[in-house]
Every structure is written in C-alpha cells, then in structure tokens.
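J.: Here it is: the structure, laid out below.
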Amino acid sequence: MTKYMTEQLTQRWEDYNEIENIMGKLTYNEILKKSDYILDALWCKNTQEPCLGFNNGYYKGYEAIREYFNALKELDIIKAKVAKKMHPEELGGVETENILGVGGINVLNFTTPVLELSADGKTAKGLWYLMGGSGDFYTEEGPRGTNRWGRVAVDFIREDTGWKIWHMLVVLDIDSKMGTSWEAPADKIIDPAYKEIAEFSMPAPNVPQNVYELYHNRRRIKAFPKVPKPYDAFSKTFSYGI
Amino acid sequence: MNLSERIDRAAAASECEKVMSLHCLYHAGGIHREEIEEFWTKREDCKWSHNFGQMNNKKNYIECYADEQEASAVDIYEQLEPIYPEVKKVKDRRALIEVAMHLLASPVLEVAKDGQSAKGLWYTPGCIFSTLNPQKAKEGMWMWERYGADFILEDGKWVYLNLKVCCDMAGIMDAENWPFVEAPEEPPSEEDDSSKADSSQVAVGVPGPLHYMLSGTQIPQERPYIPQPYRTFEETYSYATLTGIYEEKGK
Amino acid sequence: MTKQVLTDDARIRRVWDVLEIKNLMGRHAYYHAYDMHAEELAELWVQKPGNQKTASFGQNWGYQVGINIIRKNYVDLNIKWHQEDLNELCDADPTLENCPENLGIGCMLMHALSTPYIEIAGDGQTAQGMWYSPGQVTFVYPDKVNALWMYEKYAVDFIKEDDEWKIWHLFVGTDFALEAGEDMTKQPVSDTSVDDKAPEGMEITIPIQAYTSRYNWSAYPAIPRPYETFSETISNGPDGPPKLKKGGEDE
C-alpha cells in the first residue's frame, strides 16, 4: 500500500472532501431542479468522452449528456404548465420558468461510499448506494411517490476548476411506487388529466445497451458495478464509462 | 493556510460529522438532555428550527426538547405499564416514546477558513417507529427532511450552534403512495385531559411555518442553503435565519 | 482517555483512518450484496490467527464466534441455502436451469450504511463504528416473492493488522422487517420473529437475545465513545452486552 507523506495525505483528504461535496451538491441541486448548475458546475468540461449511463444505455459525449439534461428541463416546463392549468389562482400569473419543479421533489440520497483517489491524484472512483425517492404531484399517473433504489458509480477527474464528474453510471434495482412491492411493479395507469406529461419521452441513450436489469424474480445476482480498489493511475484501472 | 491549519480543518470536518451522527443516535434513543449537555454550545443564543417554528434560545430548546420530552416519557410509561408490565424493567423510559431515526445521507460539509466554525447539510430519508403503544399496535412513519447545521469550536470541542430541519414529505409506513395519503385522524382520547392542561406543549419561541411540505403548488425550496466555502461565520448565512413565512413578510 | 498532543502527521492519519474504515464498511456492504462472502472474509475481515479466533458476527439471536464458524455460516451455509432454494424453484419451474450461475436467482439485498460514527482509539490500534442501515431484502419462493424493508443498527469493532484496517467484531441489530406495502400498525406487537432464533441450520456459538426493538431503542450495542485502548471500551463482540457478563442484567 502506498505510504503518503503528511502533506500528501492532507491534500488527499481535501480532495476526498471536495468529491463527497460534489455528490451532496448533486442531491440538493436536483431537489432545486438546477440542472443547468449540475451540468455546468459539477460535470467536466475539458476531458474526453464524458459518459452518463443508466440501466438502458449510455449518453456518451458532451452533446448527448447536454441533450439529456435539456430534456429534463423540458419535462419540468411541461409539468409546470400542467400545474398552472390545475391551479390557476395560485400559479396562473407566475412565469413558468420561475416555478420549475413545482409540486415535486426528487431526492437522490447517497450512502455507503467507497471512494478511492488514484495515487497520482488526478482521478478518483466512487461507488454509492442510491436510496432515491420522489414525491411528485405531476406524473402521467397524477400524484405519485416513487422509490428508486440502486447503485451509482462515478469516475471523477481533476480539472483546472476542481474535481468534476467524468463518468457516471446510475443503475436501479428498484423503480416502483412507494408503498408497493417491487416484486412486480404495477402497470402505469395513465390519467388523461396529465396527458402532456404522458406524451413526453426522454431522448434515448446514444449508446443503447442492456447495462443492468431492474429487479425481477428471475434476475441473477450481478456484482455490478465493480467496487473501486486502490489504483495508481486511471490507465491502470477499469472505467465506469464506455 | 499552512499545513497545520489545513489539518485542523480536516480534523474539524471529521469531528463535525461525528457530532451530526451523534445527534441522530441520541435523538433515536431519546437521550435529549444529554445531547444538549454534551454536543450543544454553552451559549444561550443557540437555535433549533423545524417547519413548525424555532426554539430560539437555549432555555426554549431545553424546555421543548428535554423537559417536555421527559414529561412525555412519564406519561407514556403510565399508559404502557398496565398493558405491558414488562416495561418496568426498561431503564431509560424515554426510549419508550418512539425511535426517531433521522438517518443521514448526502453530506455537504464546509469548514471555515479561520477554522472556528463549520456548516453541514444532510438529507435524511428517515423514519419514526414504536413497538409498544397504548393502542396495542405498532406505529411507523416515513419522514424525509433536510438538516442544516452550524457548528462552532468551543473550548477545543466542536458543538452545535444552530440546527435547522426542513421536512419535505412524511407519511404512514408503508402506505401505498404514502406522500399523498392523509394520516388518519387520531381517535379521541378515552381519558379526561382537562387535568393535563399543564403538560401541554411548550410553545416554540418563534412560530412557523419556516418550511413547507410537498404540495401541488409548492415550488422547490432552497433551504437549508447549500454550504459554500467561506472564511468566517460572520460572512456566511446562519441556519438560525428565519425563513418561510418570515421571508415572505420581509422580516 | 488522556489527551495527547498529537503531531500533524498523527492527526491527519487519524482522520484518514476514518475514511479507510468508511471504505472498508462500504466494501462489506457491496460484497454482501454481490454474494461475494468468501472474498469478503478473505479481504476485509481479520487474518491474524489470534484475531480470527475472537472474530464475531452478532445478530438479534446471538453470536457466531471465530472466523471458522462465521465462514461456515456466511459462506458455506449461504451456498447451501441458495442451492436448496434453486432446487425448489427448478422443481416448480422446469424452464429454470439448475446451474451455478443461477444460485441466488431472484434474491436481492441492499444494506445501505448511513449516519457514520467512527471512533479511532487513542492508541490507533482499534476503532469502533456505528451506522444506521436502511435496507431491503428480497427472497423468492416458487409461489411468491418476499420484498422486505429491513432497518438495522450496525456496530463494528475494527483492528489494524499490518497497517490495514480489518473487521473484527460485527454486530447487526434488526429493528424491523416490513413487507413493502404492509401497514406497520397491522404487524403483531407480539411478533418477535426477527429476535427469537437464528435461521435453521445456522450455528450460533452463543445463542442469546442480544438485541430487540421491543422497547424501541436498544442501549446495546453502545454508542462508541472516545477511548484510549480496546480494553477500556464496550466491545461489539460477545464480551460486550451486559447480560453476558457475570452477574449481568437484562437490558
């Protein structure tokens, strides 16, 4: 195991703290629906091939990732307009842009960290459990609470402005209505009052892939994503991107 | 900052994380008075806030968080003992009230450059549960909240100055679609409560609402504020600042 | 504990020890979820013979003591159960292949670790940690799936071996297991199934009710406090609980 000198260890602690804060800031800015901030402040700018992966594939490259975040904002706009229609007295006179995220909260709770900084201090790898949950008045089914539990694996890179997300992989085991079993998630019952929301769809990953399955009763146990181990430099370890 | 000062800040962050976890563990165990004595500032101007209001000084905090809680423990024990005589062996009866487990996730922790204070923000997807209850049934609730904490270095020890709790959603464990399910109305008490008027809740110093639960017209609330790097406590935003209705009134 | 004046190097190493222990427990959580129990024992648990002899895994129903017993249960018995379950599933569903890759099929667990509280001993040779674990476990049977929320308290003793932290005594106290969508108030108060006895076939060295949430918060395992050397603190192994000491009382 590499033995670090006092100053090196102090720097490594500061790096660890900054990275842990990135994940926390991701949580709170998602609650605030500040997807512009998340993309501009927390993701890398100058590094090749950033990647955002989910169960159904990867958004690879800056353009695809931006398209994903833009789509999230588009959905927030649609929901805000539905909210204004449903609550004309309270919200009718308010600018749509000023009420993005109305009636909902999406919480990405990160726990159970394993965070490894490379020996060369240029990259880091982290794995967290995601204990996600949302309460949202404006879904295609109407008001819905959703549990999203799974794993989040991130490669970080140090750029001039600090540590940034480089590759992020979010794989869910559970994506089910709160207060119901995830054994067999119920079919969604679309409420016509929310049809604009039902008609929206996110852009597909530009690298579609069956990365990971949601839980089902014939799903095999999969040791995925890999658990980070101490490493010297990024070239000597595996990537959470593609 | 020299190396020693940088290490001071690293050690401070580690200690503040411990203090925050200790609050959770002590609160879960109902060990409230000890928590105030061991992990809160000696200053009188500390503040604890929730959606419903702010306990705006040490005296108010002790009254609400310790005195009243201990009175509740006596009350609950007197109700439980005839039903479950085994509770006689429970050493600390405060535990019989409930377990309020406000577990911690997603930390953002910043220690001031002067090393004298720190700010932390956590999300708590927590729960409250209780096994033995007067109605002879278990109780359980989910409670999702945000914690903002101001810590200060006092006599070489990191302690709380302010704690701000913002509850976003809560509901019955594990009701279908629980954030949107109304809690059932409490049945009327079988007892004559008129003699218990004196044990009614102590008023918080500053009533709320300071934060709002999820609703169809509620926009995202930026509170507690996300800590940013800062130099001294005077330059940053205190978690004692009144929010919610006070922001709207411009107070 | 005597307050020592530590060098900068000693201070940052103690802070770093906390991070390493968090990583160690994180690894435990993922290896357990990934069904990598043999790898977990080989990489994360004590390796020196003296420590392996006293290693322990405690749960509500008692303690497994010694790494050989732990391996017998955690590795060997786990595989045996998976095979038995797979045999049953294959009998009911002939389309399902009875092969090693399908061991554990349909099972899922996630014991997240939140609210970390870690004390490094003054002598730097041991540490104690407490976490709260919001979790879920899912089991599959021929005719149904059991999807359960499982909320637990983790208390762990760690020891340094050749400059690396290792798990020495692990204690997991289950507070509740609730089927997803089940009403907590409908769970029988008298149901002590998580407390009473170990699953069939598990070898328990010291069968004892080591933990219960019947009276809500259990004072054991004890919340770690600062300590100088391991003999001064309350162990999370079988030396810890008061009722196992000579003349010890029930909690």
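Values in this text are rule-based calculations from the coordinates and carry no lab data. No experiment lies behind these values; they were computed from the predicted model shown. Reconstructed Cβ throughout: ideal geometry from the backbone, glycine too, with neighbour counts over all protein chains shown.
J.: In whole percent, what relative contact order does the stretch C:8-244 give with Cα contacts below 8 Å and a gap of six or more residues?
T.: Values: 421 pairs, mean separation 55.5, N = 237.
In percent, rounded to a whole number, it is 23.
J.: Given the DSSP H assignment, sum -39500 (n - 2.57) over each helix run of at least 4 residues in the protein assembly as shown and divide by its residue total; what's the result at 222 nm in deg cm²/dmol, nearest 500?
T.: Details: 14 runs with 176 residues, N = 744.
Calculated from helices alone, the mean residue ellipticity at 222 nm is -7500 deg cm²/dmol.
J.: Let me ask another. Let me see the P(r) profile for the stretch A:6-236: every Cα-Cα distance counted, bins of 10 Å, each bin given as a percent of all pairs.
T.: 7, 28, 35, 20, 8, 2, 0
J.: Next question. Would you work out the relative contact order for chain A, in percent, from Cα pairs under 8 angstrom that are 6 or more residues apart? Spell out each step's value before the answer.
T.: Numbers: 445 pairs, mean separation 58.1, N = 242.
RCO, chain A: 24 percent.
J.: Read phi for every residue in the stretch B:217-231 and hand back ³J(HN,Hα) as whole Hz from Karplus 6.51 cos²θ - 1.76 cosθ + 1.60, θ = phi - 60°, with x for Gly and Pro.
T.: Per residue, the Karplus-derived 3J(HN,Hα) values read 10, 8, 8, x, 9, 8, 7, x, 4, 6, x, 10, x, 8, 9 Hz.
J.: Within the stretch C:86-111, what residues put their amide N at less than 18 Å from the label point 7 Å along the Cα-to-Cβ vector of C:Lys80?
T.: C:86-88, C:103-104
J.: Another question about this same structure. Under the definition of partner shielding as Cβ atoms of other protein chains within 10 Å of a residue Cβ, what is the mean value for peptide C:103-112?
T.: Working: counts 2, 3, 5, 8, 5, 9, 2, 10, 2, 12.
The per-residue average across the peptide is 6.
J.: Further, regarding this structure: Determine the sum of side-chain charges near A:Thr96: Lys and Arg each +1, Asp and Glu each -1, restricted to other residues whose C-beta is under 12 angstrom from that of A:Thr96. The partial results should precede the final answer.
T.: Working: positive: A:Lys73, A:Lys79, A:Lys81, A:Lys84, A:Lys85; negative: A:Glu74, A:Asp76, A:Glu95, A:Glu97.
Surrounding charge for A:Thr96 is +1.
J.: About its Cα centre, what dipole magnitude does the stretch C:8-244 give when the only charges are +1 on Lys and Arg Cβ and -1 on Asp and Glu Cβ, stated in debye to the nearest 20? Before the final figure, lay out each step's value.
T.: Numbers: 19 positive and 37 negative charges, 157 e Å.
For this selection, approximately 760 debye.
J.: In a shell of Cβ-Cβ distance under 12 Å around B:Ile226, excluding B:Ile226 itself, what net charge do Lys and Arg (+1) and Asp and Glu (-1) give?
T.: Working: positive: A:Lys25, A:Lys34, B:Lys119, B:Arg146, B:Arg223; negative: A:Glu30, B:Glu110, B:Glu222.
Net of charged neighbours comes to +2.
J.: Would you mind getting me the FRET efficiency between A:Phe224 and C:Ile206? Use the beta-carbon distance for r and R0 = 25 Å, nearest 0.05.
T.: Values: r = 37 Å, r/R0 = 1.47.
With R0 = 25 Å, the Cβ-Cβ based efficiency is 0.10.
J.: Tell me the net charge near C:Phe171. Cut-off is 12 Å between Cβ atoms, C:Phe171 excluded, with +1 for each Lys or Arg and -1 for each Asp or Glu.
T.: Numbers: positive: C:Lys153; negative: C:Glu152, C:Asp157, C:Asp239.
With Lys, Arg at +1 and Asp, Glu at -1, the neighbours total -2.
J.: Next question, about the same structure. Which pairs break 28 Å Cα to Cα here: B:Lys119/C:Lys166; C:Lys22/C:Lys245; C:Lys153/C:Lys197; B:Lys59/B:Lys164; B:Lys47/B:Lys88; A:Lys60/A:Lys222? Please report the intermediate quantities before stating the final value.
T.: Numbers: B:Lys119/C:Lys166 32 Å; C:Lys22/C:Lys245 30 Å; C:Lys153/C:Lys197 18 Å; B:Lys59/B:Lys164 17 Å; B:Lys47/B:Lys88 35 Å; A:Lys60/A:Lys222 24 Å.
Beyond 28 Å between Cα atoms: B:Lys119/C:Lys166; C:Lys22/C:Lys245; B:Lys47/B:Lys88.
J.: Place +1 on the Cβ of every Lys and Arg and -1 on the Cβ of every Asp and Glu in chain C, take the dipole about the Cα centre, and give the residue among C:Gly104, C:Leu19, C:Ala222 whose Cα lies farthest towards its positive end.
T.: Comparing the listed Cα positions along the dipole, C:Ala222 ranks first.
J.: Another question, if that's okay. What FRET efficiency comes out for B:Ala203 versus B:Ala183 if R0 is 22 angstrom and r is the Cβ-Cβ distance? Round to the nearest 0.05. Spell out each step's value before the answer.
T.: Values: r = 23 Å, r/R0 = 1.05.
That gives a FRET efficiency of 0.45.
J.: Farthest toward the dipole's positive end in the protein assembly as shown, which of A:Ser181, B:Trp178, A:Leu75, given Cβ charges of +1 (Lys, Arg) and -1 (Asp, Glu) about the Cα centre?
T.: So the residue we want is A:Leu75.
J.: Assigning unit charges at the beta carbon (Lys, Arg +1; Asp, Glu -1) and nothing else, what dipole magnitude in debye, to the nearest 20, does chain B show about its Cα centre? Walk me through the intermediate numbers first.
T.: Values: 26 positive and 43 negative charges, 176 e Å.
For this selection, approximately 840 debye.
J.: May I pose another question? For A:Gly57, enumerate residues with amide H under 5 Å from its amide H, sequence gap 5+ or separate chain, H modeled in the peptide plane.
T.: A:Gln209, A:Val211
J.: Taking the beta-carbon count within 10 Å as an exposure proxy, list B:Phe233, B:Phe151, C:Phe176, C:Phe158 from fewest neighbours to most. All intermediate terms of the calculation are to be shown ahead of the outcome.
T.: Numbers: B:Phe233 18, B:Phe151 29, C:Phe176 21, C:Phe158 26.
With the fewest neighbours first, B:Phe233, B:Phe151, C:Phe176, C:Phe158 line up as B:Phe233, C:Phe176, C:Phe158, B:Phe151.
J.: Taking the simple approach of a point 7 Å from Cα along Cα-to-Cβ for both A:Lys73 and B:Ser238, what is their distance in nm?
T.: 3.7
J.: Something else: What lysines could a cross-link reach from A:Lys84, if we take a straight Cα to Cα line under 27 Å and drop same-chain neighbours fewer than 8 places away?
T.: In chain and number order, the partners are A:Lys33, A:Lys34, A:Lys73, A:Lys177, A:Lys188, A:Lys195, B:Lys249.
J.: Which one of A:Met86, A:Met168, A:Met131 has the biggest mean-square fluctuation once chain A is modelled by GNM with Cα springs under 10 Å?
T.: A:Met86
J.: So how far apart, in nm, are the two label points at B:Glu81 and A:Phe200 if each is 7 Å from Cα heading toward Cβ?
T.: 5.8
J.: Projected onto the charge dipole of the stretch A:6-236 (+1 at Lys/Arg Cβ, -1 at Asp/Glu Cβ, origin at the Cα centre), which of A:Ala41, A:Asn21, A:Val154 gives the Cα projection farthest towards the positive end?
T.: A:Val154
J.: On to the next question. Only residues of the stretch A:136-157 count here: report those whose backbone N is under 20 Å from the spot 7 Å along Cα→Cβ of C:Glu39, or say none.
T.: Inside the label zone: A:150-155.
J.: Right, here's the next one. What is the spin-label model distance, in nm, from A:Glu90 to A:Thr161 if the labels are put 7 Å beyond Cα along the C-beta direction?
T.: It is 3.6 nm.
J.: Report, by chain and number, residues whose modeled amide H sits under 5 Å from the one on A:Arg220, excluding near sequence neighbours (fewer than 5 apart, same chain).
T.: C:Gly106
J.: Per the Cauchy relation, a quarter of the hull surface: what is the mean projected area of the convex hull of the alpha carbons in the stretch C:8-244, in nm²? Don't jump to the answer; show the numbers that get you there.
T.: Numbers: hull surface 55.6 nm².
Taking a quarter of the hull surface, the average projection is 13.9 nm².
J.: Also, quick follow-up: In debye, nearest 20: dipole of chain A around its Cα centre with unit charges on the Cβ of K, R (+) and D, E (-)? Show your work: numbers first, answer last.
T.: Details: 30 positive and 34 negative charges, 165 e Å.
Dipole of chain A, to the nearest 20 debye: 800 debye.
J.: Hey, another quick one. Take C:Glu228, C:Glu200 and order them by how many other Cβ atoms sit within 10 Å, fewest up front. Working shown, then result.
T.: Working: C:Glu228 13, C:Glu200 7.
So the ranking, lowest neighbour count to highest, is C:Glu200, C:Glu228.
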